[in-house]
Structures are given as structure tokens and as C-alpha cells.
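Below is one structure; the comments refer to it alone.
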Amino acid sequence: MKARKSIIKPLMLLLALPLASTAADTHGDSTQGKAHFNYWCAPCHAAGPGHPGTQSLTVKYRGSVPAELEQRKDLTAALLTSAVRQGILSMPPFRKTEVSDAQLADLIAYLTTR
Amino acid sequence: MALPPGVSEADFAAALTDFRAAVGDEWVFTSDEDIALYRDAYSPYWGEGEERLASAAVAPATVEQVQAVVRAANARRVPLYPISTGRNLAYGGSAPVYSGSVVLDLKRMNRVIEVNERSAYALVEPGVSYFDLYNYITEHNLDVWIDPPDPGWGSVIGNALDGGGGWTAAPFRDHFLVHCGMEVVLGDGDIVRTGMGAAPHAQTWQQNRWGYGPWVDGLFRQSNMGVVTKMGFWLMPRPEAFLSATVQVFNDRDIIPLFDILNLLENQHVINGSTGVFPGFGPNAAAWNLQLPIYGPANVITAQMDYAQAKFETIDGCRFIRNELIRTPLSAEDRARVRLVNFGIPDLSTFGMLGRTEQSPNPAGGHIGFSPIIPRTGEGLLEYRDFFRDNAAEVSGGENLGIIGPVFMTNWERSLVALIMFPISKDATANGKIRAAFRKWVTLAAERGWHEYRAPAVFQNDVAESYSFNDHALQRMREKIKDAIDPNGIISAGRYGVWPKHLRDA
């Protein structure tokens, strides 16, 4: 068991780099990105109560940055790619049959150019 | 990329070539990065040798592509694991039960084929989520409701097949119960339609679930007998109004007459909403609180609530608090204050209990549930509550493992589910303690006749083992059926404890 753990965890850490460069290298469409955000992200990350992602980030950042992703000015392609492809806490990773690399690039374009 | 167990490198390569021919190169995933996306984010074995991992994934877009993939896999005995939206979190997510399986990812099959308002049914593909079906109904201005479970991103088909339930009115809360007709691809690639779907010219596939002859739909519930590619569901015509009340009783054993009356009212169809039973806390609190919702025409449900109130007020000291009637469609004001899933509107708000809160700023992230079925009586509830209280410390090894329970789920009309929740993190030591506790609960509860209705993938063998009447006769029968209709055992090996012959022998 220990051997398996030692292989997988470094692997997962390394994944962020090639994926991040893939997303950053792709030019996305921010208008499409808004549509993808509404479909895939807003159920958790929209403003107001009933949105677990916003609730969680409110506690995490305590006002130092906005809890709503669409209000953030500091999001990067690497951070967004890592969140979508590796998940965070209760947020699972999203497969490419859900959010394709092209759609992820659109999302990045939308959330990093606001 | 790992090889599926027992499959040669050459055979696996040939199968992948056939998969690519069937669905296109873009939709066969073999890189480590892509395969990692199929890991179960809430795996109790995360990062350990027992974690269930895929060898590859293939994502068809049509039933013909599903048939081609299944035939190619069957020819080379490559194990497949179908998923729908892959969001069966806490029950295995998008990871296979049998490590090394190729995940058959049906998310791209996301067509709402029909929603019939006049006959109140829908026919959908596996990749259709509750959000998708709700959006379709809203965009087409149809006057029917869906019955959402907690996770709105879940598959309508997948949730029903796994035994899931929702939050509106009976009978629609039991998602498998209200399905009507399936299309299934079998292990040899043959395609079957059940019920009236077997009659080529019938226009009643979603209107009569039985058809003619032995009914086989149950074989595909919590199962590995085939790949369900279409499924029909009965929908609820939008109710005119919603009326709820809270019933409070002040002695612990008042839960006994409380449940007797509740059962009577539900079995008479006077109460049709998703009720809730909660203990009170504090010196002046009620011993038990019962939430009591009814859906229907405003004047009718007002009379039904009058009838229910009179029944409950026969309990000494009962307090009956009636809430304001809510009409549908919801006003913006009402929409902002109600629990949306009770009004047929899917969301993800329940995941808030897993994220950071002021009370839990560093949460584990994931969870699993131990969900035994217990008798739907006050005596049954009290016995289970005391059983949990009396065993909790010992089962947890004297530690606080963050286990929460019991929560008594009244979704099903004729039984109770007594839920115990376990946190799942990415920490192997903590997860090991949770696994040990979970298995102890399975054993202890089974000794009292309490067995789970549904289980996380890694515990499905444990629970199946507990259904042991007559030397596991039911399990042996299922294995005979599995061997007959999937003789190479390629579909979902091990799902819900049913293993194909070659893996049983191994």
C-alpha cells in the first residue's frame, strides 16, 4: 500500500503543470466561457446562499478576495486548470466528456480577463 | 496505462483500436492524465493499493457506438464499467468496482428524447442530468416537474439504476419505481427494449411498464447485466400548491404513535410529500419534530392537512404548527426562501455540508454513508437510535472519527433508512479507521436484521454477503443469470457484489 501511495501522489502533483500549459496555450472564447461557467460552475460558485463553492470560499478567504469566482481578478490559467482537472475538497475533477480542453480554455478566457 | 487483469497487451491494443474505430480517436482516453480524471474523488482507499482505478476510458455518443464498443470488448474479454454522468459520488463516482476495467463513459449520450406533457413522462439517455432535464422542460414551457435528488448534476438514469431517491411527492421520489421502459445493450452487443418497447409498433413504451411476460427491468437495477442506453420516467404534473406543517411531540416514546399516524396518512395518500423526522435539542425543545408536506390543489390539501392535524392531535401534548400555503409556479420571493429540490428544481446546495463552514473550516472533503433499511415504526427507530448510541464509541475505537448519525430518512413510504455518515479525506490513516468502523457497522447491523439498501463501491461485497438467506440463494441465482447473459463477464464485474464466473473461481 505504501508503495502505491508514493507513486500516485507525486504523479498527481506533476499533472498540474502539463495541463496548465495546455490550457494556457489554447486561446479560448470568453463568451463561450460565460456559457460554460453558467452550466458547469454556477450551481456551486454563483453568488448568494445555496452555492457550496461560494460558501466554502467565503470561509477560506474571509473577504481578502471575493468568494464569487466571477468577481475575482487574481485567477490564473494554472489555478483554474488545477481546480477543474484535479478538484478541491468536495469538488471532484471534471472529465473531458464534461469539460473538454477547448471548453476549459474558454472558461479560462472568461475568468481571467474580467 | 495499466492493462486490464487477464488481458494480453496485444488483445488490449486491438480492443483500443476497435474502440477508436467505433467512437473516434478523441473519445478513447489512455493517457495517465486522462485516466486520473476517472478516479473516485471520495474513494475510501484514495492513493492506496486497493483504490479502484480504470485502465482506460471510452466515450460513445450513440447506442450503435455502445454496441460496437461492447462487441469489441466481448471479443477480447476486456472488462467494461459503464457510468452515466459519473457523479455517483459516495458510491464510487466514475471509478470502476473492478480495477483495470475500461470505463464506458456515457456522458456524451445526453439527449432528452421526449418529454410528453399530456401523458407526463420523459425518455432520456444516460448522460442527461437532472439539470439537463429541468432545463429542457423549462425551455419548452412544459407543465411537469422532475423529482431531483440532492446532486442536480447526477444522471436521471444513473440515479434510478443505483436506487436513488428525491424530494418531491410520492411515488415520484422513488426513481426506479417510476421508471417505465428501458433500452439495454447486453454483453454480446445485442439490444433489448423492455415492457411495451418490445412491441415494434407500440406507442405506449412509457405508458405501461409491464408489457407481456416475465418482467426483467429489475435485473438492471444495482446491476451488471447490461448497459442501459435509454429509460423512460413518469413525471409529476405541476401541483397547484404546497402546504406543510411541523408536528412536535414532547415525550421520547411519543415517536411510536407519531409514526403510526404518519404511516396511516401516507398509506392513505393523505400525506404525499417528503417528510422529515428530527430529535429536538435543548431543555424546552420537543422530543421529536416531524415535517409534514402535502402537494396538490390548494383547497384539497388544506382539507387533507385538517384531517392530518386532527389525527396528530390525539397525541397528548402534541403541537401542530401549520405553515403558509405556497402556490406554484414559485414567485421570486418564494423561490428565494424554499428548499428548491422540494419544488422540482435541481441544485447542489447539499454539498454545502461537505465544504468549509464556520463550524468546520478544514473539512475532510468527501463522505460516504451507511444506509440500512429498518422498520418504519417508532419502536424500530428507537431501537436503532439506542443501538447507535451504545456502539458508537467502541466501533470508532474510542476516537472521534467525525461520524454523524443517525439521520432517519423517510423518503420511502414503507420503510426507514437510518443513515450514518462518515467523512472521507485524502489521508490514508484516517480513511483506514473509517473503513474499519464502516465494516463493523455492517456486521453489527446485520446481526439485528438491518441491511443496507445501497453501498459505496468498495463495500458492496460486504453488504451483498450479509443478504445470506438459505446459503446466499439470492446471490447464487444472480450469478447464474449473470453467467447466462454475460458469459464472458465483461460488464461491471463486482458491481453490488455480483462477480462473473471467471472471477468467482479466481
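Values quoted throughout were computed directly from the atomic coordinates according to the rules given, and no laboratory measurement underlies them. Predicted, not measured: the structure shown is a model, and the values here were computed from it. When we count neighbours, we look across all protein chains shown, and the Cβ atoms used for this are built from the backbone with ideal geometry, even at glycine.
Some points to look at:
- Using θ = phi - 60° and Karplus 6.51 cos²θ - 1.76 cosθ + 1.60, couplings along the stretch B:427-441 (whole Hz; Gly, Pro as x): 9, 5, 5, 5, 5, x, 5, 5, 4, 5, 5, 4, 5, 5, 4
- Around B:ARG327: net Lys/Arg minus Asp/Glu count, Cβ-Cβ under 13 Å: -2
- Where labels lie 7 Å past Cα in the beta-carbon direction, separation of B:ASN391 and B:ARG319 in nm: 3.4
- Cβ neighbours within 10 Å from other chains - mean over A:96-102: 6
- Local net charge near B:GLY197, Cβ-Cβ under 15 Å (Lys/Arg +1, Asp/Glu -1): -2
- Taken over chain B, the ratio of Cα radius of gyration to 2.2 N^0.38 Å equals 1.00.
- FRET E, pair A:ASP101, B:THR350, Förster distance 30 Å, beta-carbon r, rounded to 0.05: 0.50
- Degrees separating the helix B:255-267 axis from the principal Cα axis of chain B, which is the longest one: 70
- Label zone at B:GLU33, where the point sits 7 Å out along the Cα-to-Cβ direction: the stretch A:82-114 residues whose backbone N lies under 17 Å: A:82-87, A:93-109
- Pairwise Cα inverse-distance average, inverted: Kirkwood Rh of the protein assembly as shown (Å): 25.6
- Estimated at 0.36 nm per residue, the fully extended path between B:ASN470 and B:GLU50 surpasses their Cα-Cα distance by 148.1 nm.
- Rounded to the nearest 0.05, the FRET efficiency derived from the C-beta distance between B:ARG20 and B:ASP190 at R0 = 30 Å is 0.85.
- Linear extension gain, B:ALA13 paired with B:GLU358, 0.36 nm per residue minus alpha-carbon span: 119.1 nm
- Distance between the C-alpha centres of the stretch B:1-54 and the stretch B:312-335: 51 Å, rounded to the whole angstrom.
- Computed over the stretch B:241-327, the Cα gyration tensor eigenvalues convert (square root of 5λ each) into semi-axes of 22, 13, 10 Å, ordered from largest to smallest.
- Peptide ranges B:368-374, A:30-36 listed from the most packed, as the mean C-beta count within 10 angstrom indicates: B:368-374, A:30-36
- Members of B:LYS230/B:LYS311; B:LYS107/B:LYS482; A:LYS96/B:LYS501; A:LYS96/B:LYS426 lying beyond 32 Å, as alpha-carbon distances in this model show: B:LYS230/B:LYS311; A:LYS96/B:LYS501
- Karplus (6.51, -1.76, 1.60) ³J(HN,Hα), θ = phi - 60°, over the stretch B:90-104, in Hz, Gly and Pro reported as x: 6, 10, x, x, 9, 8, x, 6, 9, 4, x, 5, 8, 6, 9
- Based on every Cα atom in the stretch B:112-237, Rg and the maximum pairwise Cα distance Dmax equal 13.7, 41 Å.
- Relative pair counts by distance (%), Cα atoms of the stretch B:362-458, 10 Å bins: 15, 51, 28, 6
- Neighbouring partner chain Cβ atoms per residue of B:129-139, average, 10 Å criterion: 1
- Taking 20 Å as the straight-line reach from the Cα of A:LYS60, the aspartates and glutamates in range (excluding those fewer than 8 positions away in the same chain) are A:GLU68, A:GLU70, A:ASP74, B:GLU358.
- Along each principal axis, taking the top coordinate minus the bottom one, the Cα set of the stretch B:1-79 gives 35, 26, 18 Å in descending order.
- Relative to the current alpha-carbon distance between B:ASN400 and B:ARG504, full extension at 0.36 nm per residue lengthens the span by 33.7 nm.
- Sites B:TYR212 and A:ALA35, calculated FRET efficiency, Cβ-Cβ separation with R0 51 Å, nearest 0.05: 0.65
- Partner chain coverage, peptide B:358-367 - average Cβ within 10 angstrom: 3
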